[in-house]
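One structure is given here, and the rest of the page talks about it.
What follows draws every value from the coordinates through simple rules; no lab data is involved. Quick caveat: nothing in here was measured; it's all calculated off a predicted structure. No Cβ is skipped: glycine too gets one built from the backbone with ideal geometry, and neighbour counts run over all protein chains shown.
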Amino acid sequence: MKKYLLFVILFPIVFNTIADEGMWIPILLKKYKFEDMQKKGFKLTAEDIYSVNQASMKDAVVLFGRGCTGELVSNEGLLLTNHHCGYGSIQAQSTVEHDYLRNGFWAMNKSEELSNPKLSVTFLVRMEDVTSKVLEGINNNVSQEERAAKISKNIAKIKKESSEEKRYSIDIKPFYYGNEYYMFVYEVFKDVRLVGAPPSAIGKFGGDTDNWMWPRHTGDFSVFRIYANKDNQSAEYSPNNVPYKPKKFFPVSLKGVKKDDFTMVYGFPGTTQEYLPSYAIKLLTEVENPHQIKLREVRMRIMNEDMTASPKVRIQYSNKYATVSNYWKKWLGENRGLKRLNAIVKKQEFENKFQEWVKTDSERKNIYGNILPEYKSVYEKLTPYTRIEAYLFEGVMTDEMVKFAGNFKDYQSWKTKSDSLLTPIFTTIRARSRDMFKDFNISTNNRMFSLMLKMYCDSISPEYYPQILKSWNKKYKGNWDNCVSDISSKTIFSSDLNVNSFLENFKNSGIKTLEKDPIFIFYAQIADMYNESILPSVNKYNSKVDSLNRIYMKAQMEFQPERLFYPDANLTLRVTYGKVNDYSPRDGVTYDWFTTLDGIIDKDDSTIYDYDVPARLKELWLKKDYGRYAENGVIKVCFTGSNHTTGGNSGSPVLNGNGELLGLNFDRNWEGTMSDIMYDPDQCRNITLDIRYVLFIIDKFAGAGHLVNEMTIVE
Ligand code: ARG
Ligand code: GLU
């Protein structure tokens with residue numbers, strides 16, 4: 001009964017008033033959401049958030065790398081982001097002698113800061129609605145293909161005609177599934193140096209066990225600095241570059257938060273899909289997620305067993321394991337959350353009402369009458385392909401040898417290439433080989449590959465087996481361990497040595513060797529099979545889905561003119577706001593909205609890798625040596641709020657009503673991971689790392705107080 005009531009009450013909230021749901025376009029905030037933000041506790045102006053005429057908060061927020069967010073915290077280009085966002089850079093800088101991942105790293109002055117050739121940060125200079133220019137000359141009668149062609153032509157024209165300075169780059173992206181288009185002018189900085197990172201025992205505390213979970217105690221931050229040329233403009237790395245002077249940086253608040261306090265998150269959310277039809281959710285929750293989860297589980301089990309048995313394998317596979325387990329866990333949570341929300345039924349009810357509305361008007365019936373039946377039919381057609389794709393891309397194609405064989409896909413054209421053209425190609429492949437085999441354990445790999453082949457053959461019909469798989473199937477009669485052991489003894493893709501000697505002899509015997517190599521044959525035949533028997537249909541149906549999405553989005557907006565629709569996340573800068581809030585994960589249980597250092601000490605267990613608290617941290621806790629970072633004698637570590645965030649928001653500044661930095665967004669709670677598809681104000685929480693814990697670690701734990709001194713602290 002209680003459940004039923006909950007459902008009835010929640011329904012209008014989810015679909016009408018939107019609660020704290022939404023990721024808003026900065027230039028539209030003023031028009032739509034600003035009053036509400038003020039009512040809830042924001043004290044500055046809309047121009048303080050985004051402006052092209054004056055320095056504003058957007059000038060202190062960057063896209064960090066390709067999928068995270070970071071923020072400026074000093075007038076010398078000092079930047080904060082998550083530890084898991086800096087992980088790649090920290091790992092690349094780490095050697096056995098200087099294991100910064102394990103021990104942390106702190107530059108005690110600027111000359112010790114480390115450059116990262118592969119890292120960049122991107123500032124938004126300005127954005128503009130270019131819908132009418134992008135859609136110029138397109139009427140409703142053109143085919144989807146003509147439409148796409150015309151749009152790319154228009155986009156190319158707009159880019160060409162834009163008067164932006166050369167140092168900026170321009171991106172034009174669809175919003176609301178192509179009903180609107182916005183142009184983004186970016187400045188990309190390429191000299192970004194590592195300044196500091198806590199040891200993983202702090203920055204990744206709780207590891208994959210606590211990932212996506214609350215209560216949480218992860219000190220998930222790292223510190224970088226942006227460098228510019230002497231004119232303060234972006235430049236390639238140079239020792240002559242100087243710390244970048246940002247137009248704006250965030251003051252840092254030591255005041256903390258209380259429950260119900262206003263918070264906003266400013267960052268680059270990656271992908272959400274809030275306006276999908278029930279058929280899409282059905283495909284996601286009943287086919288895509290379950291199969292992908294099942295396949296990842298097998299790989300995780302094997303990696304885990306081997307990592308537990310060997311410290312060497314642990315180092316080799318911990319990053320791979322973390323990557324695989326991250327979305328595995330997210331999909332599990334997402335499926336569970338969508339089920340609990342009764343998402344498919346909710347969407348169906350919405351669709352029934354929509355269909356009623358469509359029927360009441362003959363013109364509407366003409367344009368929108370077929371959307372839902374067409375969705376139904378196209379998703380039915382997509383379903384078998386989605387399944388096969390799962391067993392390919394989360395299955396057999398995850399094998400590292402098979403992936404490596406992909407480096408040789410253009411080998412035909414190499415036959416005629418001169419040495420001077422081949423050398424750089426081979427140099428790249430040699431470097432990739434070194435990188436791959438450094439972290440490669442053949443028995444772990446083969447156990448996974450064997451099971452992936454088995455699962456493929458158990459689940460996918462033989463018409464999608466390439467020839468070589470058919471012959472393996474026949475020859476080994478289901479004994480995939482033997483099969484993989486034979487293959488891997490024959491292939492050149494099983495060791496760095498073999499790859500190198502193969503490259504050495506490429507001109508003589510190379511082509512023949514490659515054409516006989518079982519892994520290469522498997523790779524090439526799978527690729528051919530995919531390109532011929534799967535991709536054309538997938539492309540055709542996806543293009544149909546794209547077109548339906550655009551029309552359905554427009555239709556939904558007309559159906560509910562009173563509802564404010566925010567565009568799905570697409571890795572462009574957004575504002576989301578909400579409040580500090582706790583939640584009840586299940587009947588009889590309420591989680592507090594914050595965690596503390598005492599909780600870290602509670603979790604301490606030197607025998608469990610994820611919970612091994614560094615001695616220095618325990619010492620500070622024992623002495624209560626907290627400086628000005630404690631609140632009533634307690635160090636707060638993380639807190640939860642109702643800000644609507646997603647992947648990409650990692651590292652985003654979490655700000656109070658005065659625009660001061662309260663912490664760094666780094667995760668969501670497991671019960672709320674379905675918010676990418678359907679937001680539940682009751683369950684969806686973002687997890688913020690309290691900035692006072694960050695400063696405590698920098699200052700007290702690492703002794704890098706000079707970094708705190710660079711910041712503007714509000715006490
Ligand atoms: N769940 C967070 C996010 O989606 C953190 C991931 C990194 N941590 C990990 N243990 N894999 O990115
Ligand atoms: N950890 C995620 C990221 O890297 C943020 C968590 C989420 O998906 O909300 O962006």
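Calculated FRET efficiency, Lys294 and Lys133, Cβ-Cβ r, R0 41 Å, to nearest 0.05? Please report the intermediate quantities before stating the final value.
Details: r = 46 Å, r/R0 = 1.13.
E(calc), rounded to 0.05, equals 0.30.
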Please get the size of the charge dipole for the chain, origin at its Cα centre, with Cβ charges of +1 on Lys and Arg and -1 on Asp and Glu, quoted in debye to the nearest 20. 940 debye
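Two-decimal Rg/Rh of the chain from alpha-carbon positions, Kirkwood Rh? Numbers along the way, then the final one.
On the way: Rg = 26.7 Å, Rh = 27.7 Å.
Rounded to two decimals, Rg/Rh equals 0.96.
Rounded if a/c is under 1.5, else prolate if a/b is larger than b/c, else oblate: which is region 208-352, with a ≥ b ≥ c the root eigenvalues of its Cα gyration tensor? Walk me through the numbers before you get to the answer.
Values: a/c = 2.06, a/b = 1.35, b/c = 1.52.
Here region 208-352 falls in the oblate category.
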With a cut-off of 8 Å between alpha carbons and a minimum separation of six or more residues, what is the relative contact order of region 287-446 in percent? 36 percent
Which log10 I(q)/I(0) values, to two decimals, does region 617-682 give at q = 0.16, 0.23, 0.27 Å⁻¹ under the Debye formula with one point per Cα? -0.72, -1.02, -1.18
In nm, to one decimal, how far is the Asp231 label point from the Glu532 one, both placed 7 Å along Cα→Cβ? 5.5 nm
So which cysteines of the chain have no other cysteine's Cβ under 4.7 Å from theirs? Cys457, Cys483, Cys638, Cys684
Under a crude label model (7 Å from the Cα following the beta-carbon direction), how far is Met108 from Val634 in nanometres? 3.6 nm
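When a/c reaches 1.5 or more, the comparison of a/b and b/c decides; with that in mind, is region 470-615 rounded, prolate or oblate per its Cα gyration tensor?
On the way: a/c = 2.75, a/b = 1.40, b/c = 1.96.
Verdict is oblate for region 470-615.
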I need the shape label for region 355-509. Rule: rounded when a/c is under 1.5, else prolate if a/b > b/c, else oblate, with a, b, c from the alpha carbon gyration tensor. prolate
Evaluate the charge dipole of region 548-677 about its Cα centre and quote only its size in Debye, nearest 20, assuming +1 on the Cβ of each Lys and Arg and -1 on the Cβ of each Asp and Glu. 440 debye
Straight-distance crosslink candidates among lysines, where the alpha carbon sits under 25 Å from Lys507 and sequence neighbours closer than 8 are dropped: Lys403, Lys409, Lys415, Lys417, Lys490, Lys516
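Return the calculated 222 nm mean residue ellipticity for the chain, to the nearest 500 deg cm²/dmol, obtained by summing -39500 (n - 2.57) across DSSP H runs with n ≥ 4 and dividing by the residue count.
Details: 30 runs with 328 residues, N = 715.
Taking each H run of at least 4 residues, the total per residue is -14000 deg cm²/dmol.
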Would you please state which residues of region 475-504 a label at Lys417 would reach in this model, taking the label point 7 Å out along Cα→Cβ and a backbone N cut-off of under 16 Å? 500, 502-504
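Cα-Cα over 21 Å: which of Lys282/Lys454; Lys248/Lys636; Lys153/Lys173; Lys159/Lys247; Lys282/Lys376?
Working: Lys282/Lys454 26 Å; Lys248/Lys636 27 Å; Lys153/Lys173 14 Å; Lys159/Lys247 26 Å; Lys282/Lys376 10 Å.
Correct reply: Lys282/Lys454; Lys248/Lys636; Lys159/Lys247.
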Please work out how much length the chain gains when fully extended from His706 to Ile425, using 0.36 nm per residue of separation minus the C-alpha to C-alpha distance, in nm with one decimal. 96.7 nm
Can you sort Val378, Val96 from fewest to most other Cβ atoms within 10 Å of each residue's own Cβ? Val96, Val378
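Using the count of nearby Cβ atoms within 10 Å as a rough guide to exposure, how do His98, His644 rank from fewest to most? Walk me through the numbers before you get to the answer.
Details: His98 12, His644 31.
With the fewest neighbours first, His98, His644 line up as His98, His644.
Could you work out how much longer the chain between Lys160 and Ile367 gets when fully extended? Use 0.36 nm per residue separation minus the Cα distance between them, nm to one decimal. Working shown, then result.
On the way: separation 207, 0.36 × 207 = 74.52 nm, distance 3.51 nm.
Going from the current span to full extension adds 71.0 nm.
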From the C-alpha coordinates alone, can you work out the Kirkwood hydrodynamic radius of region 106-160, in Å? 15.2 Å
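Explain nothing, just the number: dipole magnitude of region 216-269 about its Cα centre with +1 on each Lys and Arg Cβ and -1 on each Asp and Glu Cβ, in debye rounded to the nearest 20.
On the way: 9 positive and 5 negative charges, 44 e Å.
The calculated dipole for region 216-269 is roughly 220 debye.
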